[in-house]
Amino acid sequence: MQIEYLAHSCFLLTSQSGFRVMIDPYDPKIGYGKIQRHTDLILVTHSHTDHNNISGVPGAAKVFASAGEKDFNGVKVSAMISMHGGNPEDKFNLVFSISMDGIKIAHMGDLGEIPGGPLLDFLEGTQVLMIPVGGKFTIDAVQAQKIVELIKPSVVIPMHFRTAAIDRVRLPLAPVEDFSSLFANTKILRESVFEIKAGDLPEKTEVVVMNHTY
């Protein structure tokens, strides 16, 4: 499986068979460039414009944006409702669990809580964890670290953090270093495109800080 970090909370997953899944396409108004990747399926965690710019994605992909479970060309996708961070009125956020090429990936969207009960059970066995770390509208770096300790994934990919490209007025987020600095004894990788196979997953958690494509 190949993982490309387009920007913000948007990833493109490509299976060994070539099936593509895009998660949370953003509106370029937040500062990143226009998405120019085609995909077969779009997953949307919630309705905010920095996560649901479906019309900005080239082509005519299927869309999955509700709680439940579906199978798309052998890729199993499940979603559970969680609490959104930030404004108390923003209560709705989906957490996605994706099974692709024998690997279980979780994308946390704009998660605003430490998972417990059914949500923690839902995340059990997650091997690749995509987690927001920028605070303000989501959990912050310290809370994200606590979640990593709870879930114990093989790979952690931080998202939804401040970069030079992002509009800091619209999205006053903390930098990724606030998160990565909490993992002093953990292997930290820098990747633009990350390829991973089920048999090559590290035994000890690694943090992969990805460079955004756009």
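Derivation of every value follows stated rules applied to the coordinates shown; laboratory data play no part. Computed from a predicted structure; not experimentally measured. FYI the Cβ positions are ideal-geometry reconstructions off the backbone, even for glycines, and counts take in every protein chain you see.
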Burial-style ranking of 77-84, 207-214, 28-35, average other-beta-carbon count within 10 Å with highest first, yields 77-84, 207-214, 28-35
The pairs in K70/K152; K70/K104; K29/K76; K136/K204 lying past 20 Å Cα-Cα in this model are K70/K152; K29/K76; K136/K204
Taking the alpha-carbon centre of each part, the distance from region 53-70 to region 157-214 in Å is 24
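Can you give me the relative contact order of the chain as a percent, contacts being Cα pairs under 8 Å and 6 or more apart? Before the final figure, lay out each step's value.
On the way: 509 pairs, mean separation 39.7, N = 214.
The normalised contact order for the chain reaches 19 percent.
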For region 2-210, the Kirkwood Rh over every pair of distinct alpha carbons, in Å, works out to 16.9
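Only Lys, Arg, Asp and Glu count, each charged at its Cβ (+1, +1, -1, -1), so figure out the dipole size of the chain about its Cα centre, rounded to 20 debye.
Numbers: 19 positive and 24 negative charges, 69 e Å.
So the dipole magnitude of the chain works out to roughly 340 debye.
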Amide H contacts under 5 Å for L189, restricted to residues at least 5 apart in sequence or on another chain and with H modeled in the peptide plane, are V207, V208, V209
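Exposed loop sites here are GluC sites (Glu not before Pro) in DSSP loop states with at most 10 other C-beta atoms within 10 Å. What is the longest stretch of the chain lacking them?
Details: sites that count: E89, E203.
The answer is 90-202.
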For K34, the lysines lying under 23 Å Cα to Cα, once residues fewer than eight places off in the same chain are dropped, come out as K62
Given 100-109, 17-26, 126-135, the highest-first ranking by average Cβ count within 10 Å works out to 126-135, 100-109, 17-26
Residue by residue through region 153-166, the couplings from Karplus 6.51 cos²θ - 1.76 cosθ + 1.60 with θ = phi - 60°, in Hz, x for Gly and Pro, are x, 6, 10, 10, 10, x, 8, 6, 9, 6, 9, 5, 7, 6
